[in-house]
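A short worksheet on the structure shown next.
The values are calculated or read from the model by the stated rules, or taken from the named source; none is laboratory data. Given the structure is predicted, the values throughout are model-derived calculations rather than measurements. Neighbour counts run over all protein chains shown; Cβ positions are idealised from the backbone, glycine included.
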Amino acid sequence: MAATAPPSSTGSVKLDALKQTVQASDPAKLSGVALYSRFAFAGAVCCAVTHGALTPVDVVKTRIQLDPVTYNSGMIGSFRKVIANEGAGALLTGIGPTFAGYFLQGAFKFGGYEFFKQQSINLLGYETASNNRTAVYLASSACAEFFADIALCPLEATRIRLVSEPTFANGLIGGFSKIAKTEGLGAFYSGFGPILFKQVPYTMAKFVVYEKVSEQIYRMTPKSEMSDGMVTVTNLGSGLIAGFAAAIVSQPADTMLSKINKTKGLPGESTTSRLIKIAGELGFRGSYAGIGARLFMVGTLTAGQFAIYGDIKRVLGATGGVEIGK
């Protein structure tokens, strides 16, 4: 997961590349479908668990974005307003599509990142990939997120509709079916542009910052010399910083995504024209509505994701990925 130099690095990129080649051919190590299916499963679990657990924060964040006049007292105050107006159960609105959507997205995101990173190494060669690893991280995470968003978009549209209109439907199946029946399947992808605009930069920032922070930590104490507990702590800390960076980068698109999925567009109104109109209405300040709640949410869930992902990979023996850090 973390892109660090091979254990007991020789100090030479060329010799490290040779060691990685020898280690990759070790029959005791997983490869191919056996390896990447474990990456995908670990990613699915870490994303579903963390996003599902933070559903109450996401509900409040979405309410602040969609109705800043009512929910104008910060995260804690908005929590209290939601509970006072609708009951504590309202904080779990949309948990079904959240869990299902991010289970699928996590599989494609983390599994795809590992896959595309390996393909980049195969294409460029280990030494070139290592010397240009930031570009490899960026390209691999962007490709992985594109496919992840195709899976996520319909469920995210359902979640936002349930949160923004509590009486719209009862749960995932009801909400999904009602949108499909009344608005057509195309409605599920009305927010595909904003979700790409949000998630691709988010994921690129998330993985690159995580890789860079963990790389610096492992320079001080090599990963091979750390206990499993310290590796988990490193994943948590690196993930927290990565989450803050990703939240700031993607916040405007996240606000626009909430707005465009709140209601269906006018007859004949294109998604592009809706986005332009929403952007004009929001302005810079409005696009960062709910940033406090989202920083807390994204920082926490990203830290949890990388910690859970690393632990599940270790338990499943998914240690065959190539690492290209120095």
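What the table below lists for this structure:
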read-out: Output for the stretch 192-231, where each listed residue is buried (at least 17 other Cβ atoms within 10 Å of the Cβ) and farther than 18 Å from A142 by Cα; value: V213, S214, E215, I217, Y218, K223, V231
read-out: Of all residues in the stretch 170-215 being under 21 Å from Y113 (Cα atoms) and among the acidic types (D, E), the one that is nearest to the chain's Cα centre (by Cα); value: E211
read-out: Qualifying residue in the stretch 152-161 (condition: among the β-branched types (V, I, T) and either touching a residue at least 40 places away in the same chain (Cβ under 8 Å) or over 22 Å from S270 (Cβ atoms) (or both)); value: yes
read-out: Filter result (farther than 15 Å from A88 by Cα and assigned to a helix (DSSP H, G or I)) within the stretch 54-67; value: K61, T62, I64, Q65, L66
read-out: Residues (of a type in the set (S, T, Y), closer than 19 Å to T55 by Cβ and at pLDDT 85 or above) located in the stretch 153-197; value: T158
read-out: Subset of the stretch 282-300 (residues that are in a helix (DSSP H, G or I) and surrounded by fewer than 23 Cβ atoms within 10 Å (Cβ to Cβ)); value: L282, G283, F284, R285, G286, S287, I291, G292, L295, F296, G299, T300
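Residue-wise test of (1) over 15 Å from F39 (Cβ atoms); (2) surrounded by fewer than 24 Cβ atoms within 10 Å (Cβ to Cβ); (3) not polar (S, T, N, Q).
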| site | (1), (2), (3) |
| --- | --- |
| K109 | no, no, yes |
| Y113 | no, no, yes |
| K117 | no, no, yes |
| G125 | yes, yes, yes |
| N131 | yes, yes, no |
| S141 | no, no, no |
| F147 | no, yes, yes |
| I150 | yes, yes, yes |
| A157 | yes, no, yes |
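For every residue, the table says whether it meets (1) more than 21 Å from the chain's Cα centre (by Cα); (2) touching a residue at least 24 places away in the same chain (Cβ under 8 Å); (3) over 25 Å from S177 (Cα atoms).
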{"site": "G77", "(1), (2), (3)": "yes, no, yes"}
{"site": "G96", "(1), (2), (3)": "no, yes, no"}
{"site": "F103", "(1), (2), (3)": "no, yes, no"}
{"site": "L138", "(1), (2), (3)": "no, yes, yes"}
